[in-house]
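What follows is a set of notes on a single structure, which appears directly below.
Bear in mind that the values in this text are calculations on the coordinates, not laboratory data. The model shown is predicted, which means the values in this text are computed figures rather than measured ones. Quick reminder, even Gly has a Cβ in these numbers, built from the backbone with ideal geometry, and neighbours come from all protein chains shown.
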There are 2 protein chains.
Amino acid sequence: MAQMADETGLDKNPANFIPLTPLSHLARARDVFPDRIASVYHDRRHSYRELHARCTQLGSALAAKGIKPGDVVSTLCPNIPAIAEAHFGVPLCGAVLNTINTRLDADTIAYIFAHAEAKIVLVDSQFLPAAQEAIALMDSTPPEIIEVADPLAGFPASGEYTEYEDFIATGDADFKWHLPDDEWDAISLNYTSGTTGRPKGVVCHHRGAYLMTMGTALSWEIGLYPKYLTIVPLFHCNGWNHTWMMPSLGGQITFCRDMTAKAIFAAIAAEKITHFGGAPIVLNTLINAKPEDRAAFDHTVNVITAGAPPSPATIKGAEALGFRVMQVYGLTETYGHVTECVEPDDWATLPAEERYAQMARVGVQYPMMEDIDVVDQDSRKPVPRDGKTIGEIVIRGNAVMKGYYKNPKATAEAFEGGAFRSGDIAVRHPDGYIQITDRMKDIIISGGENISSVEVENTLMSHPAVSLCAVVARPDEQWGETPCAFIELKDGATAPTPEDIIAHTRAHLAGFKCPKTVIYQELPKTSTGKIQKFELRKIAKAL
Amino acid sequence: MAQMADETGLDKNPANFIPLTPLSHLARARDVFPDRIASVYHDRRHSYRELHARCTQLGSALAAKGIKPGDVVSTLCPNIPAIAEAHFGVPLCGAVLNTINTRLDADTIAYIFAHAEAKIVLVDSQFLPAAQEAIALMDSTPPEIIEVADPLAGFPASGEYTEYEDFIATGDADFKWHLPDDEWDAISLNYTSGTTGRPKGVVCHHRGAYLMTMGTALSWEIGLYPKYLTIVPLFHCNGWNHTWMMPSLGGQITFCRDMTAKAIFAAIAAEKITHFGGAPIVLNTLINAKPEDRAAFDHTVNVITAGAPPSPATIKGAEALGFRVMQVYGLTETYGHVTECVEPDDWATLPAEERYAQMARVGVQYPMMEDIDVVDQDSRKPVPRDGKTIGEIVIRGNAVMKGYYKNPKATAEAFEGGAFRSGDIAVRHPDGYIQITDRMKDIIISGGENISSVEVENTLMSHPAVSLCAVVARPDEQWGETPCAFIELKDGATAPTPEDIIAHTRAHLAGFKCPKTVIYQELPKTSTGKIQKFELRKIAKAL
């Protein structure tokens, strides 16, 4: 509808309207920063000119394999250059990138392959067995495997499949990119553990990914030429979209496959890393590293951390090492972080403990977001900003998913009321800062990975002796949380040993999802029979 | 058209799609930076909470006056807080902001009022006579005047009109904003001197303004909490959109109505200004300031400069003062700057003169732009990157205007070939950096203001003794360029004195547009009779 009195000739045209996409950043970087180093892995360094060529070749090779716009191309890779190249190479032929968590069990991987209708999967040699096992479990057409060998890390090519370098060598570095026809087109499909047993496929659009890069660069005050270290897995919310952001800044990504303190310290010192993102557990690992694993550096490293509030000890220890820490918050459904605990300059004068308490909050919305609030779970009205009244975090903004793939029911539920319902419980302080008081009730976060308690419960329920069960998070110094199973036995059944129970789950689930603690007791229930997980969490916490 | 195999439920909804608009930055700033100072003018300081309230009241008061979405609200104001408030207050009631150059003559102002169908105009008391004279010239319905008094600058209220503070006091600070229904809706209408006599109305959209703010913040490496000084007039391309950007960064704008070296130095020192934009002439004014007009400061001031390449002497002098200078390039049609002379870190080691030569180029595209190139004027193909072959700068990106208001013919010409044709002549260097070699051929830039030579020529032609004329730029140390008129007299006519000619133009044109030099001679022409301005420029240059 026309807004002004006369809009003749004021339509969109190819000069003034270009679908937003982070692919534009790579095209620009080849022009603006052609000789700057874009990617570092061991002694392999690629300039932006080279990265552009490699990504273009990947897209060209995929198209030659018959990949059409809208097709899904998966990866089963750790943080190695190929997965970053796939972030550009897959969408630039119009396809949708599906990065699969390498820690998943074969059954779940098979589910994802089938649900996503993945046509091709790039598999790191280490994860070939998982991919092969998953494919063996499939009824539908499996994806074709392209193997990504990493001999430097001890994973040489198996020889069974086309190897990644050979594959992209077949591509044309002058291949014409298929930029999105519409910025609402999907760029990625990320499967996330929800409260239901099967993972849901979060569909992200080019527009949101582009705006994530712009808002993050602005608010994290990155500046040009950052030296970024991959700690957040690129298969996790596309590494919070940082890979897509780097070309806009002429930044360098250093890949860290080995997530030990020693490797991280070595990278920070050798590459003068300026920025990374990671769960607080990563900071704790660095703080508690053995002297021989440390490496000296004298610059500031900017860290954004998410998944759990960093403890005062973590902040203190990290700052002593030379890290500047900020907590952020988000979900796979929001492309990663959408709130940030921006530090006003006057916090610097607060007593340390008070400042740490401020920093333990998830803060305020990023500039690419429209409105993030905490609302009463019944009335859906904003809770008072009193730091006490709890409500659910709800999110509106352009970095929110299109919805769940092939799941309009879950999509409608998530967007009920006109905002994305995070399921996370929080309070809002008088200064507007949000603080999470309770995790989304059924999710356990272990080592930065989401575990659906319902999925674990479903597996436990398949044990012949189990009558009823509930799985909650047990606080854990190393992992943040681990799954703790409470079980009611069937009448007359003999209690299996905890080891038996754990072995039973291990046969069906990825290792990190298996309970680390098993407790037999009657489960507390409401008058309507609903299990009171809140009570169980108190017990698990007191263990 | 669906991209993926199944897109059921993946549509846009109010949670995941919000029209892009810089108004969102102000809404966020009230939440994130409520107590930070947003605006400083003399001893008047407004926090973001206050700025948000004042802008909302302005929008509310305009709506109560009958302003509807799509209506045009004009300003005739220098750099004072009211014009910045209008940048938010006008669009937040759905209206379109039309900031008029205060240096224009009454006839042109009348033309703009009528062409824009302006309903209301905010007029600084100093410019009341111009507004009144313009309104007296109008045949159509004139805009209603709201007077913006500035007693601190010696311009108290006339008492004839509603005063701005009284006007916004009638507004409701809880007024519900009318955010754009579509991000393609117009946010501003800026009249620019083109090659034709009458100014053209450049229609800018909310989407482009938002993306300008994000791209500028990212690439200028601004960081949070900048202290910005208004030097570029806010009536000029909306001050390069910097006013819209500041709330995203919690930045402070200091208003500088008095553009003397003394006032600028005083503001830099008192407010610890970190950023401003302005033509090289401003830097020259500061470099050449008298000792008593200077004020000491010991921080770095980041300056982007446009309109002409800064000379080596300018860069050297500015750097000695503590300024970090970067040249940018753009047009009103592109919301301001769309290329930037990004300084790679290795320029720091170049010999000074070589570094200055690099910095005299307009550089490469900003990250919100898609493609800026130099193309051959005939073949429309990119020129070789040899630093020698000239062509026209053509621009594609999301910070490009919708088009010219009520001028589909000029719009179609500007976008012919699928990119915006800048009319500026440039070469492209091997490193991709663009260097302008010739100004858009008919435009004279004097003191940062565009002067249409055709407009001046049309006025000269109205003199009874003038047969033919051409106006070109004459290089000028103080103003950059001044208009130089070449005249052929009518047969038998007596040559008027240059003073006569200048007085004739002054009766019709703003003072800055009047020729400073008048030369009588036969005009050089091509075989087809076209005047060879190129030859005249050589003569003017040699004067």
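Convex hull volume of the C-alpha atoms in region B:305-440, normalised per residue: 114 Å³. Normalised size of the protein assembly as shown, defined as Cα radius of gyration per 2.2 N^0.38 Å with N residues, equals 1.01.
For region B:443-542, the extents of the C-alpha atoms along the principal axes are 38, 32, 21 Å, listed from largest to smallest. Remark: label point of A:H429 defined 7 Å out from Cα along the Cα-Cβ vector; separations to the same position in other copies 4.8 nm, ascending.
Taking amide H as placed 1.01 Å from N in the peptide plane, the amide H of A:K525 sits under 5 Å from that of A:Q532, each at least 5 places away or on another chain. DSSP beta bridges confined to the protein assembly as shown are antiparallel in about 55 percent of cases. Of the beta bridges in region B:165-303, as assigned by DSSP with both residues counted there, near 45 percent are antiparallel. Here the Karplus relation 6.51 cos²θ - 1.76 cosθ + 1.60, evaluated at θ = phi - 60°, turns the backbone of region B:161-174 into coupling constants of 10, 4, 8, 3, 5, 5, 5, 5, 5, 7, x, 9, 5, 9 Hz, with x for every Gly and Pro. Pairs of lysines in region A:443-542 whose Cα atoms sit within less than 17 Å of one another amount to 6, provided the residues are eight or more positions apart or on different chains. If you take the square roots of the eigenvalues of the alpha-carbon gyration tensor of region A:63-118 and sort them as a ≥ b ≥ c, do you get rounded (a/c under 1.5), prolate (a/b over b/c) or oblate? Judged from the Cα gyration tensor, region A:63-118 comes out oblate (a/c at least 1.5, b/c at or above a/b). Taking amide H as placed 1.01 Å from N in the peptide plane, the amide H of B:D71 sits under 5 Å from that of B:V96, each at least 5 places away or on another chain. Note on B:K176: lysines with a C-alpha under 24 Å away, same-chain residues under 8 apart excluded, are A:K381, B:K12, B:K65, B:K68, B:K119. Dipole size of region A:414-512 about its Cα centre, with +1 on Lys/Arg Cβ and -1 on Asp/Glu Cβ: approximately 140 debye, rounded to the nearest 20. In sequence order, region B:334-343 has phi-based couplings of 10, 6, x, 5, 10, 10, 9, 8, 4, 9 Hz under the Karplus curve 6.51 cos²θ - 1.76 cosθ + 1.60, θ = phi - 60°, and Gly or Pro positions carry x.
Report summary: the helix-based calculation at 222 nm, which adds -39500 (n - 2.57) for every DSSP H run with n ≥ 4 and divides by the residues of the protein assembly as shown, gives -8500 deg cm²/dmol.
Please go through region B:321-390 and write out the trypsin sites (Lys or Arg not before Pro) that DSSP classes as loop and that have at most 11 other C-beta atoms within 10 Å. Listed in order of number, the matching sites are B:K388.
Size descriptor for region B:7-82, Kirkwood hydrodynamic radius: 15.2 Å (Cα pairs only, one decimal). The H on the amide N of A:F155, modeled in the peptide plane, is under 5 Å from the matching H of A:D150, each at least 5 residues off or on a different chain. The alpha-carbon of A:K272 sits under 12 angstrom from the alpha-carbons of these aspartates and glutamates, leaving out residues fewer than 8 places away in its chain: A:D298.
In this Cβ point-charge picture (+1 for Lys and Arg, -1 for Asp and Glu), the protein assembly as shown has a dipole of about 540 debye about its Cα centre. For chain B, the residue among B:S39, B:Y433, B:A495 whose Cα projects farthest onto the positive side of the dipole built from Cβ charges is B:A495. Look at the Cα gyration tensor of chain B: its axes a ≥ b ≥ c give a/c under 1.5, and that counts as rounded. In loop segments of region B:468-543 as defined by DSSP, the GluC sites (Glu not before Pro) with at most 12 further C-beta atoms inside 10 Å of their C-beta are B:E477, B:E522. Expressed to the nearest 5 percent, the antiparallel share of DSSP beta bridges inside region A:29-119 is 45 percent.
Put a plus charge on the Cβ of each Lys and Arg, a minus charge on the Cβ of each Asp and Glu, and nothing anywhere else: the dipole of chain A about its Cα centre is then about 620 debye. Each of B:P309, B:G59, B:G418 was placed along the dipole of chain B (beta-carbon charges, centred on the mean Cα), and the one lying farthest toward the positive end is B:P309.
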